[in-house]
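To keep things clear, I will list the structure first and then write my remarks on it.
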Amino acid sequence: MKKNILITGTSTGVGYESAILLARNGYKVYATMRNLGKANNLKQAIEQENLDIEILQLDVTQNDSIQQAVQTVIDKDGKIDILLNNAGAGFAKTIEQASQEEIDWVTDVNYTGVIRTTKAVLPYMRKERAGHIINVTSVGGLVGQPFNELYCGAKFAVEGFTEALATYVSEPFNIQLTLVEPGGIATEFLNNAVAKTVSKEGEFASGEYAPIFQKYMEGIQNRSGSEEVSPYQTGKEVAEVILQVAQSENPPLRIRTSAWAENFTKLKTQADPDGSGIVDQVKRDYL
Ligand SMILES: NC(=O)c1ccc[n+]([C@@H]2O[C@H](COP(=O)([O-])OP(=O)(O)OC[C@H]3O[C@@H](n4cnc5c(N)ncnc54)[C@H](OP(=O)(O)O)[C@@H]3O)[C@@H](O)[C@H]2O)c1
């Protein structure tokens, strides 16, 4: 039987590219998205290449939709081999300027959603004594960046959640965990984040924060042209790393997806680049 994979957030970007690449490489893909009205591009790709991809509705903020999608996969295949938690959304606003509704939303999409899907698939993986949960975080899950405290906080949380889980589910239950940590990716992500950031008056930030925010935005815009190694990569390139991790017999806990991401996080990661050292230490100390 083919290995299957359930992917969240496949309407665009990394999720879309991963669905196609993994199907091309022999996986049965359950490509989920919150809004099935955005499935046209994926449907076309499936038809053109006759790909083994089934599209399901799944909103990571809605427990019912997660349960329903997971149950569909279990009814069909009786197992879930790989869960790719890819859905996420950028957000850049000062904590003072973000509304409580926005704060809850950033946390829900980027962090609590990962917990919900993981909680839903874990019993099936444990029963099979096999499984791999791949969580797409970011260099922002390792390094805090200006005006990204809410997004970075959520991604740091996914890093901690994943690292902790990895300490006690790998050995007895053969469930692997991996954190995929990209730098910038040329997807809809930045446009969506900017759309949420701009105020009704067309400003990014007001008051005393405005000049600092302006400098930050200019820095981001000038970055790709001025650095030797580009901070940006394509969704396809990130999908290649995800494929490599999915196919690995012994997947890393952590992996950066580009030279830029590796360099940007070096101070945090050089002592234990793939995260295996710290997990082994914790296992020795506690288990
Ligand atoms: N792009 C970057 O610069 C960058 C850098 C580092 C890490 N990342 C991470 O990479 C992952 C993929 O992002 P991307 O660059 O491919 O961005 P993207 O093109 O904007 O894709 C994000 C996906 O998440 C989906 N999504 C948003 N809210 C959701 C919800 N409540 N339930 C289910 N799906 C939801 C989006 O669906 P809709 O189309 O319906 O909104 C879309 O399919 C994210 O976890 C992101 O944080 C991105």
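The numbers here are math on the coordinates, done by the rules we state, and not lab data. Remember, predicted model here, so these are calculated numbers, not experimental data. Positions of Cβ are backbone-derived with ideal geometry, glycine not excepted, and every protein chain shown enters the neighbour counts.
Some observations on this one:
- Extension gain, R24 back to Q145 (0.36 nm per residue minus Cα-Cα distance, nm): 40.0 nm
- On the basis of the beta-carbon distance and an R0 of 45 Å, Q97 and Q67 show a calculated FRET efficiency of 0.80.
- Longest exposed-site-free window of the chain, the sites being trypsin sites (Lys or Arg not before Pro) in a DSSP loop that have at most 13 other C-beta atoms within 10 Å: 3-128
- Cβ-based charge dipole, the chain, positive-most Cα from L177, N110, I74: I74
- A Gaussian network model of the chain, with springs between Cα atoms under 10 Å, assigns the largest mean-square fluctuation among V229, V241, V106 to V229.
- Note on the chain: GNM, Cα springs under 10 Å; of L51, L190, L267, the largest mean-square fluctuation is that of L267.
- Cα long-axis angle, helix 210-226 against the chain (0 to 90 degrees, to the nearest 10): 60 degrees
- Summed side-chain charge close to G26 - residues other than G26 whose Cβ falls under 11 Å, Lys, Arg +1, Asp, Glu -1: +3
- Of all aspartates and glutamates in the structure, those lying under 14 Å Cα to Cα from K236, and not within fewer than 8 positions of it along the same chain, are E17, E188.
- When W260, W105 are sorted by how many other C-beta atoms sit within 10 angstrom of their C-beta, beginning with the fewest, the order is W105, W260.
- Multiplying the residue separation of E249 and V282 by 0.36 nm and subtracting their alpha-carbon distance yields 9.7 nm.
- Restricting the GluC sites (Glu not before Pro) of the range 85-115 to loop positions (DSSP other than H, G, I, E, B) with no more than 10 neighbouring Cβ atoms within 10 Å leaves E96.
- Above-threshold pairs, the threshold being 18 Å between Cα atoms, out of K38/K155; K2/K28; K43/K79; K3/K79: K38/K155; K43/K79
- Comparing N191, N222, N50 in a Gaussian network model of the chain (Cα springs below 10 Å), the most mobile by mean-square fluctuation is N222.
- Mean ellipticity per residue at 222 nm, deg cm²/dmol - from DSSP H runs of n ≥ 4 across the chain, formula -39500 (n - 2.57): -16000 deg cm²/dmol
- Global geometry of the range 1-75, whether rounded, prolate or oblate, following the gyration tensor of its Cα atoms and the 1.5 cut on a/c: oblate
- Around the Cα centre of the range 4-286, unit charges on the Cβ atoms of Lys, Arg, Asp and Glu (plus for the first two, minus for the last two) sum to a dipole of about 420 debye.
- By the Kirkwood approach, averaging reciprocal distances over each pair of separate Cα atoms, the chain gets a hydrodynamic radius of 19.6 Å.
- Helix 276-286 axis, angle to the chain major axis (alpha carbon atoms, nearest 10°): 70 degrees
- Relative to the longest principal axis of the Cα atoms of the chain, helix 113-128 runs at roughly 20 degrees.
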